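Here's the structure, in structure tokens; my notes come after.
The values are calculated or read from the model by the stated rules, or taken from the named source; none is laboratory data. Predicted model, so just to flag it, every value in this text is computed and none were measured. Counting neighbours? That spans all protein chains shown, and the Cβs are built from the backbone with ideal geometry, glycine included.
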């Protein structure tokens, strides 16, 4: 975001949302920080370089598939049992049809 070709934790957390970076109780912010620290910043230097970001954004990567699966379950799991029933799938079909897993070509174009 500052043009140096790297992404810091605070830059990553602030992408795409109005977040109070000083509010450590913000659940969304905590999840983003954990994602940055455990998945993106593989060399643990608190900065994501180009190579780390490319690995993170690669739609064929395990972390990308896991992230997408968590998001889809979050959208469709109406009873919060961490499982998707057939009824939940049918009632929330619009989320699944628009997912990266469903439309791989669009997601690759969007991510890159």
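Would you mind stating whether residue 101 is surrounded by 10 or more Cβ atoms within 10 Å (Cβ to Cβ), modelled with pLDDT under 90 and part of a helix (DSSP H, G or I)? For residue 101, the condition - surrounded by 10 or more Cβ atoms within 10 Å (Cβ to Cβ), modelled with pLDDT under 90 and part of a helix (DSSP H, G or I) - is not met. Which pairs turn up if I take residues in the stretch 80-96 that are closer than 16 Å to residue 68 by Cβ and look for partners that are outside any helix (DSSP H, G or I) with beta carbon separation below 8 Å, at least 6 apart in sequence or on another chain? Every condition considered, the pairs that remain are 84/77; 92/78; 96/102.
Out of the stretch 12-40, which residues are surrounded by fewer than 12 Cβ atoms within 10 Å (Cβ to Cβ) and modelled with pLDDT of 70 or more? It would help to see each step written out before you state the result.
Applying the first criterion (surrounded by fewer than 12 Cβ atoms within 10 Å (Cβ to Cβ)) to the stretch 12-40 yields 15-18, 20, 22-25, 27-28, 34, 38.
Of everything in the stretch 12-40, those that are surrounded by fewer than 12 Cβ atoms within 10 Å (Cβ to Cβ) and modelled with pLDDT of 70 or more turn out to be 27, 28, 34, 38.
Only one of the numbered conditions (1) part of a helix (DSSP H, G or I); (2) at pLDDT 75 or above is violated by residue 84, and that is (1).
Would you pick out the residues in the stretch 58-79 that are outside any helix (DSSP H, G or I), surrounded by 11 or more Cβ atoms within 10 Å (Cβ to Cβ) and without any contact (Cβ under 8 Å) to a residue 24 or more places away in the chain?
Residues of the stretch 58-79 outside any helix (DSSP H, G or I): 58-61, 77-79.
Filter once more, so that each one left must be surrounded by 11 or more Cβ atoms within 10 Å (Cβ to Cβ): 58-59, 61, 77-78.
Listed by number, the residues that qualify are 58, 61, 77, 78.
Pick from 9, 44, 50: which is at pLDDT 80 or above and out of contact with any helix residue (DSSP H, G or I) (no Cβ under 9 Å at 6 or more places or on another chain)? Only one candidate qualifies: 50.
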